[in-house]
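Read-outs throughout are calculated quantities, based only on the coordinates presented, and are distinct from any laboratory measurement. This structure is a prediction, so every number in the text was calculated from the model and none was measured. We place every Cβ from the backbone using ideal geometry, glycine too, and count neighbours over all the protein chains shown.
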Amino acid sequence: MNQAAILPILIPLTAAILVLAGHRFGLHFARTVFLVTGLLLIPVSAWLIDLAGGGGIAVYALGDWRAPFGIVLVLDRLSAIMVALTTAIAVPAMLYATAGTDTAGRHFHALFLLQIAGLNGAFLTGDLFNLFVFFEVLLLASYGLMVHGAGIERVRAGLAYVILNLAGSALFLVALGLIYGMLGTLNLADMAVVLPGLPDGDHAVVRTAFALLVAVFALKAALLPLSFWLPHAYVATSAAVAALFAIMTKVGIYALLRVSVIGFGSAPFTTDLLQPWLLPLALATIALGSIGALAARRLAVVVANLVVVSTGTLLAALAGDEAHSDAAALYYLVHTTLVTAAFFLLADCIAAARGGQRDTLERGGPPQDAAVLGFGYLILAVAASGMPPLSGFLGKIMVLRSVQFQEMGAAIWIALILSGFVTMLLLARAASALFWEAAPTNEAAPAIVPGERSYPPGSRRKAVALCLLVGGSPLLTIAAAPVFDYVRAASDQLHARQPYVTAVLGQRHDIARERRP
Amino acid sequence: MEFLFAIAIGVLTAAAIFLVLRARTFSVILGLTLLSYAVNLLIFVSGRLTIDAPPLMLPGADRHTDPLPQALVLTAIVISFGMTAYLVALALRAKGESGTDHVDARETGG
C-alpha cells in the first residue's frame, strides 16, 4: 500500500496542530511553520502527479480496513491534478498572507493550513461521508478565514455565507442518509457496483438523493440560481484568502464530476437526471456572471464575477459527459483557477498602490508602479478574456472544439464567445480607469520621485507571490501539450470507471449483501 | 413506529424551513438547529428501525442493528454542534458591530 495519498492531508494538518500548540512562540514561529509547510507541499504534489501519471490508481486504506468497510483515499490522475492545483494556489497565497494579512487576527495560520488539509482531503477521498467531513473541515476553516480581521463588511458577508453553507450541509446529510438507506454503502466504487442491481421501486429515492447532492455541489460551485452569495463573500474577505477561495468553487465542480461519473454513472436512471438541467443553468450562469462583471464598480467585484463565469463555462463543457469535453474542461479549470487567484492578489496590490480610491473603477490617475502592475494586469486580462496567445485562448479553443458536435454546441459557442468579448471589453475599460485617466479634481497628484518611494514592509513578499501566480498562465501556455496530455489521460481514466472500481474493491467484489426491507 | 418517525422528521423540517426563512439571526439559528435534528433522525433511520438488538455480533444474539448510521450520526451531531456554536458567535459579533440582529446586518424597510 502506497502511503503517498495521505501526505497532502497529513502535512497541513500536523502543521496546523504545531502552530496552535506553539502559539506562545509568537508570530515568527507561526510564519516559519506556515511557509515551510507550503514548501513541503510542492515536492509532495509533484510526487503525486508523477505517481498518478503512470496510469495506476493508488489506494490508501485508512487503518488498513478493506473497502467498502473502511474509508479509502484514492489517488488517480484527476485527484493528483486537483491537489497540485491547490498547492499552486496556496503557496503564493501563503507568501502573500505573511506580508501582513496574517496579523489582523488570531489563528490565521492554523485556519489556512486546515483549509488546505480539507481541500486536499476532499480531492482524495473515495467515500461520500468522508467527502462530507472534508467539506466541513474546509468550510469551517473558510468561515474563520472569511471574517478574519473582522469589520462590518466581512461579518455581514460571512453571516450569509455561513448560513447558506450550513443549509447546504444539512442537504448533503439528507442525501447521504437516503443513499445509505437505499444502497447500503457510501463508498463511491461500491455504489457503482450496487446501483445497476437496484430494484425499480427504489429508483425514485436514489434519484432524489442524487439531485440533492447535485444541489449541494452547485451551491459550492456557484451555479445559478445558487451563485448570488459568491461576489459578496469573495470581495469582502482579504486578498490572500480570496485567492485560496478561487479553488473552493472548483471543489464543487470536482465533486460533481467525481460523484456523477464514478458513483452514479453506472445506471441510466441517474445519468439522465442531469442532462436536461445542467447545460441551460451553466449558460445562464455565464450570462449572469458577465452582466454582474459589467455592472461592477470595483476590480475585486469584476474578478468575483469572473469566477462565476468560469463556473458556468466549466459546467457547460462538463454537461456533455464525454471524456474529450471533460479533458478540455480540466485544462480550462487549471487555467481559470490560476488566473482568478492571481487577479484577486493583483486587485489588492492595485488598491494599495492607488491610495484612497482603492480598486474602485473611478478615475484617479496612475497608481504607484503603474508600469509593473499594468504589465501584470495585461497578462491576466489577456488570459482571463481568452485572447491569444495565452492559456485562456487555448482552453477556450479546446472547449469549443470538444463541444462542436454536441446537440447544444452552438449555444455553448455563442455563450463562450460573447462572454469572452464582454470580459475583454470590461477589463479594457477597467484598465483605462485604473491606470490612465487623471483625477477629475484639480488637486495635484503627489509627485513621485524615483528612487525615494517608500514601500510598506512585506512588499517584496507580495511582489514575489504575485509574480508566481501571474506566471502561471504563460507557463500553462508553454507547457500546453504535456498538460493537455495529462488532463486527457485523467479524463479517460475517470470515464473508464472500471479501473477505479477494481483498484478500490479488488478483483472480486462479490460481497454478500443482505437485502433490507 | 415508522409512521411516528416520519411525522417527527417532517414536522421538524417544516418548522426548520419556516424559521430559516425568517429575517432575524436568532430564528435562523434555531431553524438550522431543528434542521440538523431532523437530518440526524433521518440518517439514524437509514439503517432501518430495529428494536432491542445489539449493534454488534454478540454470541447468542440472533439479529443485530446496523452500527454504521449510529457512527455517522455521531459525526454529524459533532459537526453541526460546532457549526452552530460558530454561527452563534458570528451572529453576536454582527449584532455588536451593526446594532441589529437582521441577517443582512442592516435594517431594510420594515
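For the ranges B:13-22, A:185-194, A:325-334, A:115-124, what's the packing order if you count other beta-carbon atoms within 10 Å of each residue, average per peptide, and put the highest first? It would help to have the intermediate numbers written out before the result.
Values: B:13-22: 15.8, A:185-194: 24.0, A:325-334: 26.0, A:115-124: 28.1.
Result, highest mean Cβ count within 10 Å first: A:115-124, A:325-334, A:185-194, B:13-22.
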Amide proton proximity set for residue A:58, modelled H, under 5 Å, gap of 5+: A:75
Rounded if a/c under 1.5, otherwise prolate or oblate - region A:131-179, Cα gyration tensor axes: oblate
Equivalent ellipsoid dimensions for chain A as semi-axes, Å, which come from the Cα gyration tensor, largest first: 39, 26, 20
Inter-chain Cβ neighbour average for residues B:66-75, partner chain, 10 Å: 3
Eligible lysines near residue A:396 by straight Cα distance, threshold 26 Å, same-chain separation 8 or greater: A:220, A:250
Selection from A:226, A:236, A:397 lying farthest towards where the dipole of chain A points positive, charges on Cβ: A:236
Separation of alpha-carbon centers, region A:16-43 and region A:134-170, rounded to whole Å: 23
Average beta carbon contacts from partner chains per residue of A:153-164, 10 Å cutoff: 5
Reference-scaled alpha-carbon Rg (2.2 N^0.38 Å with N residues) for region A:132-284: 1.13
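Within 10 Å, at most 12 other Cβ atoms, and a DSSP state outside H, G, I, E, B define an exposed site. Report the longest part of chain A free of exposed GluC sites (Glu not before Pro). Each step should come with its number before you reach the end.
Working: sites that count: A:407, A:443, A:452, A:514.
So the longest stretch without any such site is A:1-406.
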Sequence-separation-based contact order of chain A, relative, with Cα cut under 8 Å and 6+ spacing, percent: 16
Anisotropy class of region B:1-101 from Cα gyration tensor, a/c 1.5 cut: oblate
Region B:26-73 and region A:311-340: distance between their alpha carbon centers, rounded to Å: 39
Order of A:98, B:50 - criterion: other Cβ atoms within 10 Å of each residue's Cβ, fewest first: B:50, A:98
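Take peptide B:25-33, look around each residue's Cβ out to 10 angstrom, count Cβ atoms belonging to other protein chains, and average those counts. Don't jump to the answer; show the numbers that get you there.
Working: counts 2, 0, 0, 4, 2, 0, 3, 6, 1.
Going residue by residue through B:25-33 and averaging, the value is 2.
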Simple spin-label estimate for residue A:36 and residue A:211 in nanometres, 7 Å along Cα-Cβ: 5.3
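In deg cm²/dmol and to the nearest 500, what is the mean residue ellipticity at 222 nm of the protein assembly as shown if only DSSP H runs of at least 4 residues count, each as -39500 (n - 2.57), divided by the residue total?
Computed mean residue ellipticity for the protein assembly as shown: -23000 deg cm²/dmol.
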Ranked packing of A:167-177, A:289-299, most packed first, by mean Cβ within 10 Å: A:167-177, A:289-299
Cα centre as origin, Lys/Arg/Asp/Glu Cβ charges: chain A dipole, Debye: 820
Region B:53-110 shape via C-alpha gyration tensor axes, a/c threshold 1.5: prolate
Calculated SAXS-style log₁₀ I(q)/I(0) at q = 0.21 Å⁻¹ - region A:227-370, Debye, Cα scatterers: -1.24
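What's the Kirkwood radius of region A:11-98 in Å, using all Cα pairs?
Working: mean 1/r = 0.0682 Å⁻¹.
Evaluated on region A:11-98, it is 14.7 Å.
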Whichever aspartates and glutamates have a C-alpha closer than 14 Å to that of residue A:462, once near sequence neighbours (fewer than 8 apart) are set aside: A:102, A:348, A:369
Percent RCO, i.e. relative contact order, over chain B, from Cα pairs under 8 Å lying at least 6 residues apart: 23
Protection-proxy order for peptides A:369-376, A:86-93, each taking the mean of Cβ atoms within 10 Å per residue, highest first: A:86-93, A:369-376
Calculated FRET value between residue B:57 and residue A:228, using beta carbons and R₀ = 56 Å, to 0.05: 0.65
Relative contact order [Cα under 8 Å, 6+ residues apart], region A:243-375, whole percent: 26
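Set the Förster radius R0 to 30 Å, insert the Cβ-Cβ distance between residue A:378 and residue A:401 as r into 1/(1 + (r/R0)^6), and round the FRET efficiency to 0.05.
Values: r = 27 Å, r/R0 = 0.89.
In this case the efficiency is close to 0.65.
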